[in-house]
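Here's the structure, in structure tokens; my notes come after.
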Amino acid sequence: RLRDCPYRFFALRQLGLRRHDELDAEVDKADWGSWVHAVLDLVHKALQAAPDADRPALMEAAAGQATEKIFQGALDPGEFMPFAAAWPALRDTYLLWLAQHEAGGHVFQAAEEALEAQRGELLRKGRIDRIDRGADGTPLLIDYKTERQEKSKARVKPGSEDTQLPFYALLSGFEAPRAAYLNLADREPPSLHELGELQQRAAELYEGMVHDLERIAAGVPLPALGEGSVCDWCEVRGLCRKDFWQA
């Protein structure tokens, strides 16, 4: 949030403001993403305990458990129908991708674990979607994305300002991990998009965070940037009054 827009960071994090959402019964893409995360978390932890389990059956059982976990019995089956229709294809292509991923020597290690890492005065907290180990033992930090595949590809292009995977590297505590986005778009086969120069980007992110927080502590203003798609989905757009700015 700080990198996207300092004013938005100030309003949401430092002032602790929250938008009061109206009740919305419709299932949206965010719900779908949460559901897919929950399914894969359940599947891989079950496979870790029982490696020889029937995988398609395990996926279906996890789907039912995730539905209850995410929607807690408040879901009308009709509301989830568009996503339910996309699920069989994603389930089958994911299992094919997973078989190839494991054939390359990757082994699931952990998922959805809350982590903390202290370095200097900076305490980092977060949760990594998944951690695998490669054939050589190198940790692979994975973040699931249910967005368009082109968007995941753009996140790892040279010059990208994406901070999530570098932050994962800082949070993990591993000396030289790899990190990638696993794209799970509903009309595309799963694909892994690895971020290059991870250690350099993580080091630059750490220096940037320290610098930013030192400036905030010194009282430097946190202005509204008003750039890009961040404004389109901003919860505090009415406070910075972007729509009334003069050209």
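The table below gives the values:
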{"item": "Residue within segment 11-24 that is modelled with pLDDT under 90, in a helix (DSSP H, G or I) and surrounded by 17 or more Cβ atoms within 10 Å (Cβ to Cβ) present", "result": "no"}
{"item": "Residue within segment 45-53 that is in a helix (DSSP H, G or I), touching a strand residue (DSSP E or B) at 6+ places or on another chain (Cβ under 9 Å) and surrounded by 14 or more Cβ atoms within 10 Å (Cβ to Cβ) present", "result": "yes"}
{"item": "Meets criteria (modelled with pLDDT of 95 or more, within 23 Å of Val107 (Cα to Cα), in a loop (DSSP other than H, G, I, E, B) and not charged (D, E, K, R)) for Ala57", "result": "no"}
{"item": "Qualifying residue in segment 59-66 (condition: within 14 Å of Val36 (Cα to Cα), over 23 Å from the mean Cα position of the chain (by Cα) and exposed (fewer than 11 other Cβ atoms within 10 Å of the Cβ))", "result": "no"}
{"item": "Selected residue [hydrophobic (A, V, I, L, M, F, W, C), open to solvent by less than 20 Å² (accessible area, probe 1.4 Å) and within 16 Å of Leu141 (Cα to Cα)] from Ala180, Ala176", "result": "Ala180"}
{"item": "Within segment 81-145, strands (runs of 3 or more DSSP E) holding 3 or more residues that are over 16 Å from Trp35 (Cα atoms) and open to solvent by 20 Å² or more (accessible area, probe 1.4 Å)", "result": "107-119, 122-133"}
{"item": "Residue tally, condition in contact (Cβ under 8 Å) with a residue 24 or more places away in the chain, over 17 Å from Leu40 (Cβ atoms) and outside any loop (DSSP other than H, G, I, E, B), over segment 146-178", "result": "11"}
{"item": "Residues located in segment 191-247, provided they are on the phi > 0 side of the Ramachandran plot and open to solvent by less than 80 Å² (accessible area, probe 1.4 Å)", "result": "Gly219, Gly226, Gly228"}
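The values are calculated or read from the model by the stated rules, or taken from the named source; none is laboratory data. The model shown is predicted, which means the values in this text are computed figures rather than measured ones. As a convention, Cβ positions derive from the backbone with ideal geometry for all residues, glycine included, and neighbour counts pool all protein chains shown. Quick note on the areas: whole protein, heavy atoms, side chains included, nothing else; ligands and nucleic acids left out. Shrake-Rupley method; radii C 1.70, N 1.55, O 1.52, S 1.80 Å.
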